[in-house]
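Read-outs throughout are calculated quantities, based only on the coordinates presented, and are distinct from any laboratory measurement. For clarity, every value in this text was computed on a predicted model and none was experimentally measured. Heads up, the Cβs are rebuilt from the backbone with ideal geometry, glycines too, and the neighbour counts pull from every protein chain shown.
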């Protein structure tokens, strides 16, 4: 397997040419399903397995689960900023540094799983109730020097969910973990 395939097991994010109702509905469903799917994939893993990197020089499964909680928490905040302010400039964060903090590397994953479950429950209620006007709202990401619409961000985070689930499932397959 190539480094690219290990890093991007479902491929890099591919921006849709149009954000149709069907694409957004499927993306929201992927976000809604993520907490159950990630819990299912990690629930029977031992600490040794959780501390296994999903690729060479990559995060451990423990760090990946905590990263999803951190990343999705930041995303929900970005949605709320975009819905309540005019083109807010969001605060980027160093996800690689966050993954090295003790709450990402050294504790059981249950707190992160609970956080993802509650966060996604709230996030999905918000996403399912966005109007067309709200879907078009944007925030500015200074790291990318770009405006992102909420509809695009929904598809990015659906990809993000599936991207990290594929890291888990591919590692489990490679290691023959049931």
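Here are the numbers:
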quantity: Pairwise FRET efficiency - residue 12 versus residue 125, Cβ, R0 = 25 Å, nearest 0.05; calculated: 0.25
quantity: Under 20 Å from the residue 48 label point (7 Å along Cα→beta-carbon), backbone N, the range 94-114; calculated: 106-109
quantity: Spatial extent of the chain: Rg and Dmax, with the Cα atoms as the point set, Å; calculated: 16.3, 49
quantity: Rounded to 10°, Cα long-axis angle of helix 21-42 versus longest principal axis of the chain; calculated: 30 degrees
quantity: Residue-averaged [θ]222 nm for the chain, counting only DSSP H segments that reach four residues, each worth -39500 (n - 2.57); calculated: -19500 deg cm²/dmol
quantity: Residues 67, 141, sorted so that the one with the fewest Cβ neighbours within 10 Å comes first; calculated: 141, 67
quantity: Residues 143, 32, 151, sorted so that the one with the fewest Cβ neighbours within 10 Å comes first; calculated: 143, 32, 151
quantity: Degrees, to the nearest 10: 110-128 long Cα axis against longest axis of the chain; calculated: 20 degrees
quantity: Virtual spin-label span in nm between residue 97 and residue 85, 7 Å along Cα→Cβ; calculated: 2.0 nm
quantity: Cα centroid of the range 62-109 to Cα centroid of the range 141-158, whole Å; calculated: 14 Å
